[in-house]
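Presented below is the structure to which this report refers.
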Amino acid sequence: MANRRRFLQALSTLPLFTKIGPAASNSVQAYAKRDYFAELGIRPFINAAGTFTVMTASLMPAEVMAAMEKVSRQFVPLPKLQDTVGAKIASMIGAEAAMVTSGAAGALCCGTAACITGTDQKAILQIPDLTGLKNEVIVQKNHRYGYDHAVRACGVRMIEVETAGELERARTDRTAMMLFANFLEPEGAIKAGEFVKLGKKLGVPTFIDCAADVTPYGRLQQFAKSGFDLVAVSGGKAICGPQSAGILFGRKDLIEAAKLNTSPYSDSIARGMKVNKEELIGMMVALELFLKRDWDADWKEYQMRAKLIADSVSSLSGITTEVEVPEIANHVPHLHLRWDESRIRISPPDAKKALLAGDPSIEVNPASNRNELVIGVWMLQPGEAQIVAKRLREVLRANA
Ligand SMILES: *Cc1c(COP(=O)(O)O)cnc(C)c1O
């Protein structure tokens, strides 16, 4: 009490005490004006690559930022907000239940934990020690990938199979879950539909990672109806929500269990994969905006950007351009440029370096290699396709 009185006395003697309002708003303006990247010596670039985490992936629309800023000013009960936002997201995409996670990787971890523990409090406290618990995840050999680390973080062993017969024989009373990486579907013998059927027949929850598979629009709703028990998507790729957010949706009992395995519960496997009210509301608003987008209009715009860039170099002799669309994952037009290096004397990797070093700096798609330069056009902002076109022409012409 004495301390508190002294504190208040000290405050009232501060000359600024009565001016906190206006002083604060001047200060906010000053902070809004600062050029943080310049101060830190970080050079921003034009994203002619795509939604890559290492490049900060996508930009949140102003509406999402406004919503996040708005909710940042009040305190609310976090579990109740997660439940309510989750229910809203579920109804938006036609899923039974949903929750906001820390990205698709966070969703993989929370969902796997849910399949192991259910709502058993003792099991939730125990993992990743799986003594006496289900401790195996069945996966096709060709569906192993880096992000399954988020699954393995729960302590499970990955049981690799190649055929439906092998999968059936691999099922034991230790099987917690079956994992399917959607972008690897062409690589595996068992396709998504059959995988779901096998899961139901064997009584094992099926989990699909569709992190980057939300185009063409309507895919989210399709995945909600696909029969998979759990689905993971990135919030900060094509959906343009917070880069630190994702969505886990599917069976209600599993979503309930997944929520118990993460923040705010301090003694849980995914406590470090925290999301707060800003990510929750940001994700919800980004999804609202995403579901209103017009695929035909966006498709036309991406094709136009690709054509504009292709046209800018088409007069150079020895160059060929082609628009390619990946079948699954990042299903949007990408411009591929190949040229005869005896006529344009710069290699694609050197052209990539020159674009990055130039002004403005431009990052092209990391799929670019020794033989071709790949340009992703969907994260370009208004006016940037023209800049990419001009810079590309300059770089190639300088060596023609
Ligand atoms: C990007 C990606 C992830 C990780 O998503 P985050 O939202 O960054 O956590 C997981 N799986 C696949 C297939 C991805 O493409």
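The values are calculated or read from the model by the stated rules, or taken from the named source; none is laboratory data. What you are looking at is a predicted structure, and each value in this text was computed from that prediction instead of being measured. Here the Cβ positions follow ideal geometry from the backbone for every residue, glycine too, while neighbour counts run over all protein chains shown.
Among the residues of the stretch 204-214, is there at least one that is more than 16 Å from the ligand (Cβ to nearest atom), surrounded by fewer than 15 Cβ atoms within 10 Å (Cβ to Cβ) and farther than 30 Å from ALA57 by Cα? So far as the stretch 204-214 goes, no, none of its residues is more than 16 Å from the ligand (Cβ to nearest atom), surrounded by fewer than 15 Cβ atoms within 10 Å (Cβ to Cβ) and farther than 30 Å from ALA57 by Cα. Can you find a residue that is on the phi < 0 side of the Ramachandran plot, within 16 Å of the ligand (Cβ to nearest atom) and among the β-branched types (Val, Ile, Thr) anywhere in the stretch 166-182? No, the stretch 166-182 contains no residue that is on the phi < 0 side of the Ramachandran plot, within 16 Å of the ligand (Cβ to nearest atom) and among the β-branched types (Val, Ile, Thr).
Being under 20 Å from CYS110 (Cβ atoms) and either surrounded by 15 or more Cβ atoms within 10 Å (Cβ to Cβ) or not hydroxyl-bearing (Ser, Thr, Tyr) (or both) holds for only one residue in LYS197, LYS237, LYS191, and it is LYS237.
Of all the numbered requirements in (1) of a type outside the set (Lys, Arg); (2) out of contact with any helix residue (DSSP H, G or I) (no Cβ under 7 Å at 6 or more places or on another chain); (3) more than 16 Å from the ligand (Cβ to nearest atom); (4) outside the structural domain of ARG391 (by TED's automatic domain parsing), VAL285 misses one, and that requirement is (2). Taking the criterion of being touching a Phe, Trp or Tyr at 6+ places or on another chain (Cβ under 7 Å) and at pLDDT 95 or above, would at least one residue in the stretch 144-159 satisfy it? No, the stretch 144-159 has no match at all.
Return the pair list, or none, for Cβ contacts closer than 6 Å from residues in the stretch 326-340 that are assigned by TED's automatic domain parsing to the domain that holds ALA238 to residues that are of a type in the set (Phe, Trp, Tyr) and within 16 Å of the ligand (Cβ to nearest atom), at least 6 apart or on different chains. Partner pairs satisfying both residue conditions: none exist.
Of all residue pairs spaced 6 or more apart or on separate chains, those with beta-carbon atoms under 6 Å, a first member in the stretch 104-123 that is in the same structural domain as CYS154 (by TED's automatic domain parsing) and within 16 Å of the ligand (Cβ to nearest atom) and a second member that is part of a helix (DSSP H, G or I) and at pLDDT 95 or above are ALA105/TYR147; ALA105/ALA150; LEU108/ALA150; LEU108/VAL151; CYS109/ALA150; CYS110/ALA258; GLY111/ALA258; THR112/VAL151.
From the list TRP295, TRP299, TRP339, the lone residue that is among the hydrophobic types (A, V, I, L, M, F, W, C), more than 16 Å from the ligand (Cβ to nearest atom) and within 18 Å of ASN369 (Cα to Cα) is TRP339. Quick check: is even one residue across the stretch 151-166 more than 19 Å from ASP267 (Cα to Cα), in contact (Cβ under 8 Å) with a residue 40 or more places away in the chain and hydroxyl-bearing (Ser, Thr, Tyr)? No: the stretch 151-166 contains no residue that is more than 19 Å from ASP267 (Cα to Cα), in contact (Cβ under 8 Å) with a residue 40 or more places away in the chain and hydroxyl-bearing (Ser, Thr, Tyr).
From the list ALA38, ALA67, ALA95, ALA48, the lone residue that is away from the ligand (no atom under 16 Å from the Cβ) and free of Cβ contacts under 8 Å to residues at least 40 places away in the same chain is ALA38. Looking at the stretch 112-207, the strands (runs of 3 or more DSSP E) lying wholly inside it that each contain 3 or more residues that are within 18 Å of ALA232 (Cβ to Cβ) sit at 136-140, 175-181.
Looking only at the stretch 233-292, residues that are in contact (Cβ under 8 Å) with a residue 12 or more places away in the chain, among the charged types (D, E, K, R) and assigned to a loop (DSSP other than H, G, I, E, B) come to 4 in all.
Picking from residues in the stretch 135-165 that are of a type in the set (Gly, Ala, Ser) and away from the ligand (no atom under 16 Å from the Cβ), the one that is farthest from MET273 (Cα to Cα) is GLY165.
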